[in-house]
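Have a look at the structure below, then the notes.
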Amino acid sequence: METDEKQLQKRFAELAGRAGSRGSYTYTQFLTLAEQDVLQRMERSLPAPVSWMGGYDAAERRLACFGREEELGYPPECPIRCVAMAPASRKFAGDLGHRDLLGALMGLGIRRSLLGDIQLVEGTGYLFCLEDIAGFICDNLTQAGRTTLRCSLCPPPEQLALPPEPVEVVAASPRLDALLAAVWRLSRNEARELLEKGLVFIDGRLADSGARVLREGELVSVRHRGRFRYEGALRETKKGRLRVCVRIY
């Protein structure tokens, strides 16, 4: 594991150095949350600043862009495209799920690092991927499970541009473990177990303590469960607990 992390660090340092020496932006492929954590921990030591792109707000899988607009004289271009994966016939379409679509994409021999998030909106899957692979996917992805697909490039659906509706939950405190328990109705022990297993990230950084007090606007991602953005405390209940506002993705 240490060797893998060192290789990642070396790759990130090379990309950052290239951005400075060549006078142009450089990009990673899509990074997992764990890979994003590695980059964010070494970010201050890099010769070029980092910006993040995922295709839409609150994307989990993101790519990193190295370079400073003030030095290069132009803004970075986003190399991400959105592909709509729609059933060819709604009448005969099965229940498409994330696993069905991802499995079909993997079946085409595409590396996972070329693919970002997959979001399902009203029966259609929307894939965020690198532009170099988007045309290949549109031409070759024709089936997911038992469902025949028609794929096309499109703008991201409006639903993904809008944040989820705010939800009020009651938590013991604004600590991370208390909020995890409140959002997903877990015991505090279950929440701590998620943290101990390295499954919880805050804005792409690995969370290592349940005692961490969340700040307004921070995005919490939990592997295999989902994400929520903490919007802040609202008021204290009569029993001394805290009513808080979150947006659950």
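The values are calculated or read from the model by the stated rules, or taken from the named source; none is laboratory data. Keep in mind that what you see is a predicted model, and the values were worked out from it rather than measured. Please note: Cβ atoms are built from the backbone with ideal geometry, for glycine as well, and neighbour counts cover all protein chains shown. What goes into the accessible areas is simple: the full protein's heavy atoms, side chains included, and nothing from ligands, DNA or RNA. Shrake-Rupley method; radii C 1.70, N 1.55, O 1.52, S 1.80 Å.
May I ask you to list the residues in segment 99-118 that are open to solvent by 30 Å² or more (accessible area, probe 1.4 Å) and either in contact with a helix residue (DSSP H, G or I) (Cβ under 6 Å, 6 or more places away or on another chain) or over 24 Å from A64 (Cα atoms) (or both)?
Across segment 99-118, the qualifying residues are R99, D100, G103, G107, L108.
Residues in segment 43-56: is at least one within 21 Å of the chain's Cα centre (by Cα), at pLDDT 95 or above and of a type in the set (S, T, Y)? Yes: segment 43-56 contains one or more residues that are within 21 Å of the chain's Cα centre (by Cα), at pLDDT 95 or above and of a type in the set (S, T, Y).
In segment 128-234, counting only strands (runs of 3 or more DSSP E) that sit wholly within it, the ones holding 1 or more residues that are β-branched (V, I, T) and farther than 30 Å from G109 by Cβ span 167-171, 200-202, 219-222. For the structure I just gave you, tell me whether L46 is farther than 20 Å from P157 by Cα, touching a residue at least 24 places away in the same chain (Cβ under 8 Å) and buried (at least 17 other Cβ atoms within 10 Å of the Cβ). The answer is yes for L46. Residue count for segment 149-176, restricted to those that are under 23 Å from G103 (Cβ atoms), among the hydroxyl-bearing types (S, T, Y) and surrounded by 14 or more Cβ atoms within 10 Å (Cβ to Cβ): 0.
Only one residue in V183, V170, V200, V222 is over 19 Å from the mean Cα position of the chain (by Cα) and either within 27 Å of A84 (Cα to Cα) or not acidic (D, E) (or both), so which one is that?
Values: V183 fails: over 19 Å from the mean Cα position of the chain (by Cα); V200 fails: over 19 Å from the mean Cα position of the chain (by Cα); V222 fails: over 19 Å from the mean Cα position of the chain (by Cα).
Residue meeting the stated conditions: V170.
Within segment 25-39, identify whether any single residue is buried (at least 20 other Cβ atoms within 10 Å of the Cβ), in contact with an Asp or Glu (Cβ under 6 Å, 6 or more places away or on another chain) and outside any helix (DSSP H, G or I), and answer yes or no. Within segment 25-39, not a single residue is buried (at least 20 other Cβ atoms within 10 Å of the Cβ), in contact with an Asp or Glu (Cβ under 6 Å, 6 or more places away or on another chain) and outside any helix (DSSP H, G or I).
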